[in-house]
Amino acid sequence: MLNKNFAVGVDLGGTSIKAGLVDKKGKIIKKVSVDSLADGGVETVIRQIKHAINEVMNGKSGKILGIGIGAPGSVKLKKGTVENPPNLPGWGKVHLGTILNKEFGCDVFVENDANAAAIGELIYGAGRNFKNFVMITLGTGVGGGIIIDRKIYRGEAGYAGELGHVTIDSMGRQCNCGAIGCIEAYIGNNYLIERVKKQLQEGSDSLLLNYINNDLNLITSKLICDAAIEGDDFSKSVVVDTGTKLGYSLASVVNVLDITTIIIGGGVAGFGKLLFDSAKSALKERVIASSRNSIRILPAKLKNNAGIKGASALVFYSSLKK
Ligand SMILES: [Zn+2]
């Protein structure tokens, strides 16, 4: 029997839709993953979302507290409108919240996935005991969310926390967003791999070459991490460089916001201690003196299924405000 102690979290991605039934403490009771079928267009994807939600609630009667959706791209909260999400071709504007509310008859909360990750850490994770923190997610893109006074800060147009587009080199590399020298253009997963490949092509020696049998297309951030742990100097330098650049970009954020707790999640965060240590020392080196001793960098707690948990946290988060 389901009741108000449960929520459904949906992680809407371009390849798959993951949904989970989650309790108040962030424990996943049941989860499913279905193909997004993004090429099928809006109707097809919405059908898949409904299917995934029905699957996790299967056979259970009673009313849950609500449904939370973490969606890529820009989200307008009022009708849960998702606008032109990257990776979901042909979407335009979809009032996803309204559509799902009609279907399931419960409250539906739609939020940008980076903000959902920050709210997930706030409700169940590493941010539970902090009033203010900045969450940064290192993946294919570099996303972020800002928590002030235990509330997500959305800004005027709703895209506050785009930490991936802090400039670290005004004459630097082109970023996906069109600007030059954004941090994402250095430490976003694809850029990172591309840069490592280039260095290896140019003759850098590394244990990585053994791992991949000299096939540069097989390089992943996980392998770079493994090689760094094995003591490979080249891979260690990649991790330290990534952490250092990350720290410099975060220094701008800390200097603007005077928020000194940073939570780091996402795949590249798997680089571990060496990444965190180098980010911390670069950050301390570049922040104004009065913040220096209060800098705290923590790994995200919601690792596996962070998307589902973050989305379900939207429901419990909103119930706190009522
Ligand atoms: Zn950018």
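The values are calculated or read from the model by the stated rules, or taken from the named source; none is laboratory data. Computed from a predicted structure; not experimentally measured. Because the Cβ atoms are built from the backbone with ideal geometry, glycine has one as well, and the counts that use them run over all protein chains shown.
Summary table
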read-out	value
Helices (runs of 4 or more DSSP H) contained in segment 164-224 and holding at least 2 residues within 16 Å of the ligand (Cβ to nearest atom)	184-187, 189-201
Enumeration of residues in segment 51-96 that are among the hydroxyl-bearing types (Ser, Thr, Tyr) and in contact with an Asp or Glu (Cβ under 7 Å, 6 or more places away or on another chain)	Ser74
Candidates Asp169, Asp233 - the one that is in contact with a Ser or Thr (Cβ under 9 Å, 6 or more places away or on another chain) and in the same structural domain as Asn255 (by TED's automatic domain parsing)	Asp233
Members of segment 3-22 found to be in contact with a strand residue (DSSP E or B) (Cβ under 6 Å, 6 or more places away or on another chain) and either charged (D, E, K, R) or on the phi > 0 side of the Ramachandran plot (or both), listed by number	Asp11, Lys18
Selection count where residues are of a type in the set (Asp, Glu) and surrounded by 24 or more Cβ atoms within 10 Å (Cβ to Cβ), scope segment 97-112	1
Checklist (1) of a type in the set (D, E, K, R); (2) at pLDDT below 95; (3) within 16 Å of the ligand (Cβ to nearest atom) applied to Asp113, failing item	(3)
Looking only at segment 133-150, and only at residues there that are assigned to a loop (DSSP other than H, G, I, E, B) and in contact with a helix residue (DSSP H, G or I) (Cβ under 8 Å, 6 or more places away or on another chain), the one that is farthest from the ligand (Cβ to nearest atom)	Arg150
Residue in segment 151-163 that is without any contact (Cβ under 8 Å) to a residue 24 or more places away in the chain, more than 16 Å from the ligand (Cβ to nearest atom), of a type in the set (Asp, Glu) and assigned by TED's automatic domain parsing to the domain that holds Gly266 present	yes
